[in-house]
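Computed from the coordinates by the stated procedures, all read-outs in this text should not be read as laboratory data. Every value quoted in this text rests on a predicted model; they were computed, and no experiment measured them. Here the Cβ positions follow ideal geometry from the backbone for every residue, glycine too, while neighbour counts run over all protein chains shown.
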Amino acid sequence: MRQRWLLLVVAVPIYTFALMVLTTVVIGAIAVEDRTSIDWAQYPSEVLAAIGKDEWWAMFGIPAVVIVVTQAVFLIPMFSKRPPRGERSMSLLLSLVIAAAVAAMLTFALMLGVIEFVQTVLEASLDLDDTLAMTVLVAALVGSWGFWSGILLVFSRGIWADRALGRIVGLLVGGTLLEVLVVLPLDIMVRRRTDCYCFAGTFFALCLAVIATLWLAGPGVVIALMSKKHRLWRETHCERCGYAKGPSPGPKCPECSYAWVGQ
Ligand SMILES: [Zn+2]
């Protein structure tokens, strides 16, 4: 137990720092106009010089910490003593809300990309004043967060929490991939048509897709590693009360008289 904590204390900061470096490299590679010109040996020092050391810690450190904390909270139902049951629990609800935030981020990114593309093609800018634009963006973000929370709640009803979380991560990975496939060609077209690529919506859309991918990778690996253990537990225990079935189980649980399926 103590070793496990020691491992966590060492592993979590290393993991967080690795996330910071990864996001810097990938987002930097998206931002650069001519990727063949990148000198990867010089790249870290150039990025630090361009952004500034203190700014880099804040710009990439805060998102990395947010990623690690939300990933950990998302995975709490996977680490309960027994495999989580399909019923509503506070920890599962929290996981769903966090997954919905990732889905909302992807929806938001798609919106940014499409708006940018339409503006570039029509050579018109949506001349909204800043407060109105900000209000619309925040409302869209909060709205889709609520929408996805509801969808995921319905989706996970009546199935085991570990299966629900596994399927949700799978769906989000698929969604991210689809989004990149849609936004990447839009981004290329936007780049061809604009002189200043500095605040392109398609760029932000790709950055958010990168963050979503990095976010999903952690829980994806953890859920895959734990799925066998959970399946084994379900096969050998009563699903309702956790009674150990033994070598020749009857049709019903002797503890809670729950009718076992598949016996
Ligand atoms: Zn039972």
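So here's what we get for this one:
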quantity	calculated
Sparse-neighbourhood loop sites, chymotrypsin sites (Phe, Trp or Tyr not before Pro) in the stretch 150-246 - DSSP loop, at most 12 other Cβ within 10 angstrom	PHE199
Stretch gain in nm, segment VAL32-LEU171, where the contour uses 0.36 nm per residue and the Cα spacing is subtracted	47.0 nm
Inter-label distance for SER80 and ALA224, nm, one decimal - labels placed 7 Å from Cα along Cα-to-Cβ	2.6 nm
ALA217-ALA133 pseudo-label distance in nm [points 7 Å out on the Cα-to-Cβ vector]	3.2 nm
DSSP H segments from the chain that extend 20 Å or more along their own axis, Cα-based, with Kyte-Doolittle mean of -0.5 or above	2-31, 53-75, 90-122, 130-155, 161-193, 201-236
Stokes-Einstein diffusion coefficient of the chain, Kirkwood radius over Cα pairs, 37 °C, 0.692 mPa s, in µm²/s	154 µm²/s
Positive-end residue of LEU106, SER227, GLY174, charge dipole of the stretch 2-236 with Cβ unit charges	SER227
Residue-averaged 222 nm ellipticity for the chain, from DSSP H runs of 4+ at -39500 (n - 2.57), nearest 500	-26000 deg cm²/dmol
Extension gain from TRP233 to ARG2, taking 0.36 nm per residue of separation minus the Cα-Cα distance	80.7 nm
Computed over the stretch 119-263: relative contact order in percent, which uses C-alpha pairs under 8 Å that are six or more apart	17 percent
Two-site label geometry, VAL21 and SER45: point separation in nm, points 7 Å out along Cα→Cβ	1.7 nm
Mean separation of Cα contacts under 8 Å (6+ apart) over length of the chain, as relative contact order %	23 percent
Longest site-free stretch - the chain; sites: trypsin sites (Lys or Arg not before Pro), DSSP loop, at most 12 other Cβ within 10 Å	158-263
Cβ charges +1 (Lys, Arg) and -1 (Asp, Glu), total dipole of the stretch 2-236, debye	1920 debye
Calculated FRET efficiency for the pair ALA259/VAL154, C-beta based, R₀ 22 Å, to 0.05	0.25
